[in-house]
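Chemist: First the structure, which I've put down as structure tokens, then a few questions once you've had a look.
The values are calculated or read from the model by the stated rules, or taken from the named source; none is laboratory data. Every value quoted in this text rests on a predicted model; they were computed, and no experiment measured them. In this analysis, Cβ positions are derived from the backbone assuming ideal geometry, glycine residues included, and neighbour counts consider all displayed protein chains. SASA here: full protein model, heavy atoms, side chains in, ligands and nucleic acids out. Shrake-Rupley method; radii C 1.70, N 1.55, O 1.52, S 1.80 Å.
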Amino acid sequence: MALPLNVLTALGRIVAPERVLTSLEDIIPYSFDGTAALQQMPGCVVFARKADQVAEILKLGNETKTAVVTRGSGTGLSGGSLPSEDCIVLCTVKMDKILELDRANLTMTVETGVTTLQVADADTAAGLFYTTDPGSMKISTIGGKVAENSGGLRGLKYGVTRNYVMGLEVALPSGQLMWTGNKCVKDVAGYSLKDLFVGSEGTLGVITKILLRLIPKPAAKKTMVATFSRMDHAADSVSAIIAARIIPCTLEFLDRTTIHCVEDYAKIGLPLDCEALLLMETDGHPAVVAEEAAQMEQICRKCGCLEVRVAKDDVEAARLSNARRSAFSALARVAPTTILEDATVPRSELARMIRFVEEIARKYKLRIGTFGHMGDGNLHPTFLTDERNKEEMHRVEEAFKEIFDEAIRLGGTITGEHGVGLAKKSFLPKFAGDAQMEVMRQLRHVLDPNGILNPGKMFDAAGKCER
Ligand SMILES: Cc1cc2nc3c(=O)[nH]c(=O)nc-3n(C[C@H](O)[C@H](O)[C@H](O)COP(=O)(O)OP(=O)(O)OC[C@H]3O[C@@H](n4cnc5c(N)ncnc54)[C@H](O)[C@@H]3O)c2cc1C
């Protein structure tokens, strides 16, 4: 069943007819996101330019019981912006204005479709710093980032997206636009509703504007790479660095498979004769940076590293960071299907979890490249597979189940930063338990009684809207 003509005509009236795409060749690019092996055609794709258009679209969806799936740049890795059948895909990329840089309060107000890089560049130009930097920062939208509560390479020291959201404007299915939060550093008036929408994955409302917290740009930075002949030596170094009370801004690792794929792809000059590589970055006051860098180098040597290389200038530092940022794209070149996960454990359990992933790869005879935010305990075991091989895909699914079970058993979580979406919704009840699941369902029902927002994501109940 296609979208009824009256819905398409009303959408055209709200945003202009040329901003409503319906032909197959136009909507195919919006039928999947960054998640492997998932595709579904929407009923149409609509580009909103303003918050009040978003509110009107939601009101229309609610009145006609038409599903609305919000989409930023579609780089999500849990199927969050995957369309449901005959839904309206509400694309936010045209809402791309930086509205205000408030130097007195160190805040920036942006529309939801601004990219992470646009924010980072504007802040750098003003001597300020927006800290969260996902590997996808060149294209991911700030709205998508808030909706996923994304992390990035600097999460260890600076935290995740949530820590830098001071306020939000949100459109609700009722057609209302609501502001929550403000520029006050302290505010305890009522429930912190903005926090409810951070990480809500498009299931509670559509974020239209975001008030971001900025910090002063660190005066100095040092970037280093350490190589190891054994993965557990790298994991031990991470634990020892944290135990020495050093919190570097970046502590990322790549395993052998990933190092080779990245080098093949980006030709950065990474050392290839090692099992693991740690990318370490410390920033702050120049004296502290120099001391921390020296300490980290010493710790890595004590833990048996092969070599520590210090980037000699900003250009080399950027090259090394980009090596890590390109890990997913590099792995994606070597197999038809790349399935990337983000099981996360307390840092103390990291070495155990890495060994477990290696065992699972052997047990199920699968090729896995692992990289990730080692300092945060956030791993990205990446299966290099082929979705056309049903038998192998079955083994991949079984392997994932074991990895998630083990993460939960070790006190970890099924997703550290990519969200639940479709890909992990079957694991959420076991992780969250009955009471949490029930509260989440009730919250959703209050805000979206007809279940029009991103139905079928995160959980099923109250998710299906029937016309
Ligand atoms: C190469 C690569 C590297 C990546 N690196 C990282 C990383 O380091 N860290 C990390 O955390 N993630 C990473 N990701 C995942 C992804 O980029 C992030 O989740 C990103 O924040 C998603 O932004 P987006 O604009 O693409 O959102 P989309 O994929 O379009 O949407 C993501 C979810 O948010 C919802 N949504 C989008 N916009 C809104 C809105 N305005 N209001 C309400 N809901 C909305 C969607 O419905 C969907 O559920 C990476 C992805 C790729 C492909």
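Chemist: Is the C-alpha gyration tensor of the stretch 81-130 telling us rounded, prolate or oblate? Criteria: a/c under 1.5 is rounded; beyond that, a/b larger than b/c is prolate, otherwise oblate.
Modeler: Details: a/c = 3.85, a/b = 2.93, b/c = 1.31.
It is prolate, given that a/c is not under 1.5 and a/b is the larger ratio.
Chemist: Which value in nm describes the separation of the simple spin-label points at Leu117 and Trp179, placed 7 Å from the Cα toward the beta carbon?
Modeler: Placing both labels 7 Å beyond Cα along the Cβ direction yields 3.2 nm.
Chemist: Using the Karplus curve 6.51 cos²θ - 1.76 cosθ + 1.60 with θ = phi - 60°, work out ³J(HN,Hα) for each residue of the stretch 159-165 in order, rounded to whole Hz, and write x for Gly and Pro.
Modeler: 3J(HN,Hα) across the stretch 159-165, in whole Hz: x, 10, 3, 3, 5, 10, 9.
Chemist: Here's a follow-up. Indicate, rounded to the nearest 5 percent, the antiparallel portion of the DSSP beta bridges found entirely in the stretch 31-109.
Modeler: 25 percent
Chemist: How fast does the stretch 233-342 diffuse by Stokes-Einstein, in µm²/s, taking the Kirkwood radius from C-alpha pairs at 4 °C and 1.567 mPa s?
Modeler: Working: Rh = 14.9 Å.
For the chosen part, D equals 87 µm²/s.
Chemist: Another question, then. If one computes the Cα centroid of the stretch 357-403 and of the stretch 103-144, what distance in Å separates the two points?
Modeler: For the stretch 357-403 versus the stretch 103-144, the Cα centre distance is 32 Å.
Chemist: Is the stretch 365-435 best put as rounded, prolate or oblate by its Cα gyration tensor, with a ≥ b ≥ c the root eigenvalues, rounded for a/c under 1.5, and otherwise prolate when a/b is larger than b/c, oblate when not? Let's see the in-between values first.
Modeler: On the way: a/c = 2.01, a/b = 1.31, b/c = 1.53.
Judged from the Cα gyration tensor, the stretch 365-435 comes out oblate (a/c at least 1.5, b/c at or above a/b).
Chemist: A further question follows. Please work out how much length the chain gains when fully extended from Val288 to Arg230, using 0.36 nm per residue of separation minus the C-alpha to C-alpha distance, in nm with one decimal. Display every interim value, and only then the final one.
Modeler: Values: separation 58, 0.36 × 58 = 20.88 nm, distance 2.95 nm.
Additional length available on full extension: 17.9 nm.
Chemist: If one computes the Cα centroid of the stretch 147-184 and of the stretch 53-89, what distance in Å separates the two points?
Modeler: Here the answer is 19 Å between Cα centres.
Chemist: Let me ask something else about it. Pairs of alpha-carbon atoms within less than 8 angstrom and 6+ residues apart define the contacts here; what relative contact order does the stretch 218-305 have, in percent? Each step should come with its number before you reach the end.
Modeler: Values: 134 pairs, mean separation 44.6, N = 88.
The value is 51 percent.
Chemist: Okay, moving on. Using helices alone, I'd like the mean residue ellipticity at 222 nm for the chain: each DSSP H run of four-plus residues gives -39500 (n - 2.57), total over residue count, nearest 500. Kindly include the intermediate steps, with their values, before the conclusion.
Modeler: Values: 15 runs with 168 residues, N = 467.
It lands at -11000 deg cm²/dmol.
Chemist: Mind listing the phi-derived Karplus ³J(HN,Hα) values for the stretch 230-246, rounded to whole Hz, using 6.51, -1.76 and 1.60 with θ = phi - 60°, and x for any glycine or proline?
Modeler: Those phi angles translate into 9, 4, 5, 5, 5, 4, 4, 4, 4, 4, 5, 5, 5, 5, 7, 6, 9 Hz.
Chemist: Stretched out fully, how many nm does the piece from Ile268 to Val446 gain, at 0.36 nm a residue minus the Cα gap?
Modeler: Values: separation 178, 0.36 × 178 = 64.08 nm, distance 5.14 nm.
That works out to 58.9 nm of additional length.
Chemist: I'd like the orientation of helix 350-363 relative to the chain: the angle between its Cα long axis and the longest Cα principal axis, in ° from 0 to 90, rounded to 10.
Modeler: 80 degrees
Chemist: Given R₀ = 22 Å, what would the calculated FRET efficiency be for Asp52 paired with Ile28, taking r from the Cβ atoms and rounding to 0.05? Walk me through the numbers on the way to the answer.
Modeler: Numbers: r = 29 Å, r/R0 = 1.34.
Efficiency for this residue pair is about 0.15.
Chemist: Going toward the positive end of the dipole of the stretch 342-467, with +1 on Lys and Arg Cβ and -1 on Asp and Glu Cβ, which of Ser348, Val396, Phe459 do you reach last?
Modeler: Ranked along the dipole, the leading option is Val396.
Chemist: Using the heavy atoms of the protein chains and a 1.4 angstrom probe, tell me the accessible area per residue for the chain in square angstrom. The partial results should precede the final answer.
Modeler: Values: 19670 Å² over 467 residues.
Here the residues of the chain average 42 Å² of exposed surface.
Chemist: Here's something else I'd like to know. Could you please state, rounded to a whole Å, how far the C-alpha centre of the stretch 265-318 is from the C-alpha centre of the stretch 199-231?
Modeler: When both Cα centres are located, 20 Å separates them.
Chemist: For the chain, what is one quarter of the convex hull surface built on the Cα atoms, given in nm²?
Modeler: On the way: hull surface 87.6 nm².
That works out to 21.9 nm², a quarter of the Cα hull's surface.
Chemist: Work out the length of the dipole vector of the chain about its Cα centre, built from +1 on the beta-carbon of each Lys and Arg and -1 on the beta-carbon of each Asp and Glu, and round it to the nearest 20 debye. Walk me through the numbers before you get to the answer.
Modeler: On the way: 55 positive and 59 negative charges, 94 e Å.
For the chain, the charge dipole is close to 460 debye.
Chemist: For the stretch 262-355, calculate the relative contact order in percent as a whole number, restricting contacts to Cα pairs under 8 Å that are 6 or more residues apart. Intermediate values should be presented prior to the final figure.
Modeler: Working: 34 pairs, mean separation 35.2, N = 94.
Taking the mean separation of contacting Cα pairs over the length of the stretch 262-355, I get 37 percent.
Chemist: I've got another one for you. Please find the FRET efficiency linking Ser348 to Lys97, where r is the Cβ-Cβ separation and R0 is fixed at 45 Å, and quote it to the nearest 0.05. Walk me through the numbers on the way to the answer.
Modeler: Details: r = 44 Å, r/R0 = 0.98.
Computed FRET efficiency for Ser348 and Lys97 comes out at 0.55.
Chemist: Say each of Ala37 and Tyr191 gets a label point 7 Å from the Cα, pointing the same way as Cα to Cβ; how far apart are those two points in nm?
Modeler: Those two pseudo-labels are separated by 3.7 nm.
Chemist: Which FRET efficiency, nearest 0.05, do Arg13 and Arg333 yield, Cβ-Cβ r, R0 56 Å? Kindly include the intermediate steps, with their values, before the conclusion.
Modeler: Numbers: r = 44 Å, r/R0 = 0.79.
E between Arg13 and Arg333, to the nearest 0.05, is 0.80.
Chemist: How much of the accessible area of the chain, in percent, comes from carbon and sulfur atoms when a 1.4 Å probe is used?
Modeler: Details: 10410 of 19670 Å².
The value for the chain is 53 percent carbon and sulfur by accessible area.
Chemist: Using only the alpha carbons of the stretch 59-206, determine the length spanned along each of the three principal axes and report them from longest to shortest in whole angstroms.
Modeler: 47, 35, 27
Chemist: From the protein chains alone at 1.4 Å, what is the descending order of accessible area for Glu392, Glu291, largest first? Walk me through the numbers before you get to the answer.
Modeler: Values: Glu392 40, Glu291 120 Å².
So, going from the largest accessible area down, we get Glu291, Glu392.
Chemist: While we're here: Report Rg/Rh for the stretch 59-146, rounded to two decimals, where Rg is the Cα radius of gyration and Rh the Kirkwood radius. Working shown, then result.
Modeler: Details: Rg = 15.2 Å, Rh = 14.3 Å.
That ratio is 1.07, to two decimals.
Chemist: Under 8 Å for C-alpha pairs, at least 6 residues apart: give me the relative contact order for the chain, rounded to a whole percent.
Modeler: Taking the mean separation of contacting Cα pairs over the length of the chain, I get 16 percent.
Chemist: Also, quick follow-up: Short version: ³J(HN,Hα) in whole Hz for each residue of the stretch 443-456, in order, from phi by Karplus 6.51 cos²θ - 1.76 cosθ + 1.60 (θ = phi - 60°), x for Gly and Pro, what are they?
Modeler: 4, 4, 5, 5, 7, 9, x, 8, x, 8, 8, 6, x, x
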